[in-house]
Amino acid sequence: MNRRSYIGALRVNLFLFLVLLGAETVFGQQKTMKIPISKGKELLVRITEPEEFSKDKAYPVLLGPGLDGGDLKAGCRYFGTHADQHGWILVESLVHMEKRSVINVLLDYLEENYTIRELFILGFSANSVDAFQIAEMYHNKFTGVIAMPGNPDYRDKDKLKSLSKTKILMIAGERDTYWKNRAIKAKEKLDQWGICSKLVIVPNGGHVLDEFAGDPLFKELNSFCRR
């Protein structure tokens with residue numbers, strides 16, 4: 001190979017290297033890691049970055065339940081089947097089942113690796129209680145809570161005060177009578193206290209709102225974030 005051909009080959013290889021290197025920052029990807037939370041204990045976390053992810057851009061972040069029993073297939077059903085298409089950084093873990101201090105460990109990791117525009121937490125059914133407790137304790141960190149279905153303890157004024165700057169989105173099925181009625185009462189109290197909230201009742205919906213997974217949820221959430 002002569003000198004000119006050698007230099008040409010180097011340029012081609014360098015170009016291909018830069019293209020491959022840039023691919024990590026241009027396209028979203030899914031990452032799974034174990035974050036140490038105490039001596040001998042780790043938190044399994046899966047993070048889905050949005051399509052065309054860029055490290056130089058700020059994104060809304062949503063923490064959701066998932067990975068039950070360490071099973072990567074047991075993800076958050078409400079993120080949908082194309083989780084990288086919503087424009088959000090999505091985080092799945094069982095952090096709500098750990099000591100509340102573990103939230104700090106997870107948030108430290110996220111803040112070190114991403115530029116967070118807004119931070120929300122999603123709770124489904126019983127773990128909606130945990131989602132509200134976490135948002136109450138870390139109200140200076142979280143922008144809002146999504147409960148599917150679920151609602152804050154509207155009888156506790158002090159807890160409601162701690163959510164005074166938190167956006168609350170409650171989604172309940174029309175046929176899920178118990179949770180729907182609680183959400184209606186909670187909405188009345190939240191309005192009374194001037195707390196930003198919205199209640200969506202899904203027509204003919206039950207307790208498990210699979211019809212609201214993926215695009216319908218994020219359409220509602222993106223609209224709610226702009227309020």
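The values are calculated or read from the model by the stated rules, or taken from the named source; none is laboratory data. Quick caveat, the model's predicted, so the values are computed rather than measured. Cβ coordinates were reconstructed from backbone atoms using ideal geometry, including for glycine residues, and neighbour counts include every protein chain displayed.
Being surrounded by 15 or more Cβ atoms within 10 Å (Cβ to Cβ), within 21 Å of L221 (Cβ to Cβ) and under 10 Å from the mean Cα position of the chain (by Cα) is the requirement here; does L122 meet it? So L122 passes the test. Selection of the stretch 180-227 for residues being in a loop (DSSP other than H, G, I, E, B) and exposed (fewer than 13 other Cβ atoms within 10 Å of the Cβ) yields G194, P203, N204, R226, R227. Against the conditions (1) among the β-branched types (V, I, T); (2) under 14 Å from the mean Cα position of the chain (by Cα); (3) at pLDDT below 95, T25 satisfies every one except (2).
Among the residues of the stretch 161-179, not a single one is part of a helix (DSSP H, G or I), basic (K, R), modelled with pLDDT under 95 and in contact with a helix residue (DSSP H, G or I) (Cβ under 9 Å, 6 or more places away or on another chain). For the stretch 209-227, a tally of residues being under 14 Å from the mean Cα position of the chain (by Cα) and either aliphatic (A, V, I, L, M) or under 13 Å from G173 (Cβ atoms) (or both) returns 3. Looking at the stretch 184-197, can you tell me whether even one residue there is among the β-branched types (V, I, T), closer than 20 Å to S223 by Cα and either without any contact (Cβ under 8 Å) to a residue 12 or more places away in the chain or touching a Ser or Thr at 6+ places or on another chain (Cβ under 7 Å) (or both)? Among the residues of the stretch 184-197, at least one is among the β-branched types (V, I, T), closer than 20 Å to S223 by Cα and either without any contact (Cβ under 8 Å) to a residue 12 or more places away in the chain or touching a Ser or Thr at 6+ places or on another chain (Cβ under 7 Å) (or both), which makes the answer yes.
Does R100 satisfy the criteria of being closer than 29 Å to I37 by Cα, of a type outside the set (V, I, T), surrounded by fewer than 16 Cβ atoms within 10 Å (Cβ to Cβ) and touching a residue at least 40 places away in the same chain (Cβ under 8 Å)? I'd like the intermediate steps shown before the answer.
Working: closer than 29 Å to I37 by Cα: yes; of a type outside the set (V, I, T): yes; surrounded by fewer than 16 Cβ atoms within 10 Å (Cβ to Cβ): yes; touching a residue at least 40 places away in the same chain (Cβ under 8 Å): no.
No: the conditions fail for R100.
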